[in-house]
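Only one structure is covered here, and it is reproduced in the block below.
The values are calculated or read from the model by the stated rules, or taken from the named source; none is laboratory data. What you are looking at is a predicted structure, and each value in this text was computed from that prediction instead of being measured. Note: ideal-geometry Cβ built from the backbone for every residue, glycine included; neighbour counts use all protein chains shown.
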Amino acid sequence: MLNERQAGAAIEGVVRQEKVETTQLAVDTHGYTDFAMSLARLLGFDLCPRLRELNQRHLFVPRGVKVPGEIAAVCEATIDTALIEEHWDSLVHLAASVITGHASAVTALARFGSAARGDPIYDAGVQLGKLLRTAFLADYFVNEAFRRELRRVLNRGEAVNALKRAIYTGRVVPAQARRADEMQAVADALSLLANIVMAWNTAQMQAVLDRWANRRQIVPPELTGRIAPTRLEGINLRGVFRFPLERYAGQILPSQTAAKTSASG
């Protein structure tokens, strides 16, 4: 259920915003399912996954559609549009439940995850998702600007994950997170620390840009948009430890202290 949970969490984050300003949500391979592709579209935005093994991905079109010879090797005319039409109302009701808060996206995708194979609503959602994935892949392969922007957004998200791994290098022992609320508390605390680091980086970066602007060294907006506040080079995550050795030298190294005393006397 890993895919369903991660995809649902990503979708839930967009749905619960007070004012949704995005029409696209980029996710990595592990946060993608065909059913999630359908649910996202019904909620008003597109799921844009970075899919691995692209050379093995197929394009899907409705049954009976004539496939051009140039793409016949990677195209399958297997989509059952009648199944989508038959269960369209159920899919819309599911999306409405998520929008109104009667069900979360995580719960919806857990209910209609891979374990729901054979359920007609699940099958209809997967069929629709394959169609949407085909349209997405067509844009991904043809539109270079779209492909470059998607990679930039996904790399930005991975940079945040790398920052969290750098902040917490150990592991959470079972005694610290046995219950779901304890696990959530640990995850929230780590996110808070990562946000603090990014906020500090952002403030320092803005200060540099302001100084450059005062010197009329203007950085183009297209370049500032590529700068992420996730770097760690200027931050000592482990702190600085200072030990007053001279104060405790007699206790730590008594023989050395005695030798120095006798030599001076």
Quiz item: So how many residues does the stretch 55-71 have that are loosely packed, with under 10 Cβ neighbours inside 10 Å and over 14 Å from R133 (Cβ atoms)?
Solution: 6
Practice problem: Identify, by number, the condition in (1) over 14 Å from the mean Cα position of the chain (by Cα); (2) at pLDDT 80 or above that K164 doesn't meet. | Solution: (1)
Quiz item: Of the residues that make up the stretch 87-96, is at least one surrounded by fewer than 16 Cβ atoms within 10 Å (Cβ to Cβ), of a type outside the set (S, T, N, Q) and closer than 17 Å to L132 by Cα?
Solution: yes
Quiz item: Tell me, which helices (runs of 4 or more DSSP H) wholly within the stretch 137-253 include 1 or more residues that are without any contact (Cβ under 8 Å) to a residue 24 or more places away in the chain, out of contact with any Gly (no Cβ under 7 Å at 6 or more places or on another chain) and more than 28 Å from C48 (Cα to Cα)?
Solution: 180-214, 245-252
